[in-house]
Amino acid sequence: MSDLRRGSEGDESAADLSRAFVVGPRTLAEPTGDGGLTGERLVVKEVIDVAGQVTGVGNPGVRASGVPASRHAAVVERLLADGAELIGTTHTAETAYSLSGVNEHYPTPVNPVDPDRDPGGSSSGSAVAVAAGLADIALGTDTAGSIRVPASYCGIIGMRPTHGRVPVDGVFPLAPRFDTVGWMSRDGQLARRMGEVLLGTGRRRGRITQLLVAEDMFEMCDPGVADALASAVSRVGTALLRTTEPIRFWGMGQAEEWPDAFRILQRADAWRTHRDWIEREQPEFGDTAAQRWAEASRVTAEEVREAERTAALLTERVWELLS
């Protein structure tokens, strides 16, 4: 890991003060082409392969014993081909298994909006680097909110795409059933360009015909949060030239079961993916990661069957509303 504690003149670097970087800020990869991202500084979360760097997944043991990646992850290659310059890798919650920006092994990246508050996780370093102006664009991963939460906490744009739309080749999995690679930026036009590159859409757009607002979901929020979201939804409707259409997604009683169903399926998928590695290597996890992996190991087959039934009902309802 690069020592960022001293700059060339012996002063602390701005990047170190942010605590966002694992390696950087320095050029790790030059652009391989020109495009809409030419001249933009890119950072990537330390679960995404960068050629010549160990993908340490926020764990000192993995970082110390790992083998440097032989090539970039597919998403990194796409952004380099569009002109981005890769300047660093960024801290993550351990194995990307947390929505907090805290990793017991390393100092917490500093939220530039409010240094006394959590930057959010698990893509904490990526969000902080962008929010602090140390990078223009960033890649992260999102399984249960790991881009959207830190982007929200740090006041930047964060995008989780539809599952399966962006390649995950060269990305450390958490729970493949839910894993996505997404992006962050302070600037809407840059975020849009990243989407065009990563999704392969160019400037083609689908025609938006409806804007549905699930009122029962808003009722689950604290009042202040619901008000803030309602204002945002109104602005989106204005921008899309669409009147919002209120709907009831489901009854409140069943809606409260959804988070538990998701957590069970995520834990089961994560344990199925990493059980062999964890039991063989016995990695030294911090307290938070150790607790989460212990919970994942205890999920029962009956819990999974019940959660799958809930997931099937949700899927059916989504198709009913959106087909």
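Maximal additional length on extending the VAL236-ALA311 stretch stands at 24.2 nm, based on 0.36 nm per residue less the C-alpha distance.
Per-residue Karplus couplings for the range 180-189, computed as 6.51 cos²θ - 1.76 cosθ + 1.60 with θ equal to phi - 60°, are listed in order as 9, 9, x, 9, 9, 6, 8, 10, x, 5 Hz, Gly and Pro entered as x.
Residues in the range 154-159 carry Karplus couplings, in order, of 9, x, 10, 8, x, 10 Hz; the curve used is 6.51 cos²θ - 1.76 cosθ + 1.60 with θ = phi - 60°, and Gly or Pro positions show x. The fraction of accessible area contributed by carbon and sulfur in the chain is 51 percent, rounded to a whole number (1.4 Å probe; ligands and nucleic acids excluded). Between the beta carbons of ARG26 and GLU279, assuming R0 = 51 Å, the FRET efficiency works out to 0.85 to the nearest 0.05. Annotation: amide H-H contacts under 5 Å for ASN59 (H modelled 1.01 Å from N, sequence separation of 5 or more, or interchain): THR95. Distance from the Cα centroid of the range 21-83 to that of the range 207-265 is 35 Å (rounded to whole angstrom). Our compactness index for the range 9-91, the C-alpha radius of gyration over the empirical 2.2 N^0.38 Å, is 1.12. This model, with +1 at the C-beta of Lys and Arg and -1 at the C-beta of Asp and Glu, gives the chain a dipole about its Cα centre of some 940 debye. For the range 25-38, 3J(HN,Hα) computed residue by residue from phi via the Karplus equation (6.51, -1.76, 1.60; θ = phi - 60°) reads x, 7, 6, 9, 7, 7, x, 9, x, 10, x, x, 9, 4 Hz, glycine and proline entered as x.
As a rough guide to protection, the peptides 167-180, 187-200 ranked by mean Cβ packing within 10 Å, highest first, stand as 167-180, 187-200.
Taking amide H as placed 1.01 Å from N in the peptide plane, TRP183 has its amide H under 5 Å from the amide H of GLY140, MET159, each at least 5 places away in sequence or on another chain. Amide hydrogen proximity for ILE247: with H placed 1.01 Å from N in the peptide plane, the residues at 5 or more positions away or on another chain lying under 5 Å are VAL213, ALA214, GLU215.
Run lengths n ≥ 4 of DSSP H only: what is the helix-derived mean residue ellipticity at 222 nm for the chain, with -39500 (n - 2.57) per run over all residues, to the nearest 500? Result for the chain: -12000 deg cm²/dmol, rounded to the nearest 500.
A 1.4 Å probe run over the range 195-268, with the rest of the protein chains in place, finds 65 Å² accessible per residue. If you run the Gaussian network model on the chain, springs between alpha carbon atoms under 10 Å, then out of SER124, SER234, SER152 the most flexible one is SER234. In terms of its C-alpha gyration tensor, the range 180-298 comes out oblate, because a/c is 1.5 or above while a/b does not outweigh b/c. Of the residues SER122, SER98, SER231, the one that moves most in a GNM of the chain with alpha-carbon contacts below 10 Å is SER231.
For the chain, just say rounded, prolate or oblate: build the C-alpha gyration tensor, square-root its eigenvalues into a ≥ b ≥ c, call rounded for a/c under 1.5, and beyond that prolate if a/b exceeds b/c, oblate if not.
oblate
The values are calculated or read from the model by the stated rules, or taken from the named source; none is laboratory data. Bear in mind the structure is a predicted one, so any value in this text is a computation, not a measurement. Positions of Cβ are generated from backbone atoms using ideal geometry, with glycine treated the same way; all protein chains shown enter the neighbour counts. Surface accessibility is based on the protein's heavy atoms, side chains included, excluding ligands, DNA and RNA. Shrake-Rupley method; radii C 1.70, N 1.55, O 1.52, S 1.80 Å.
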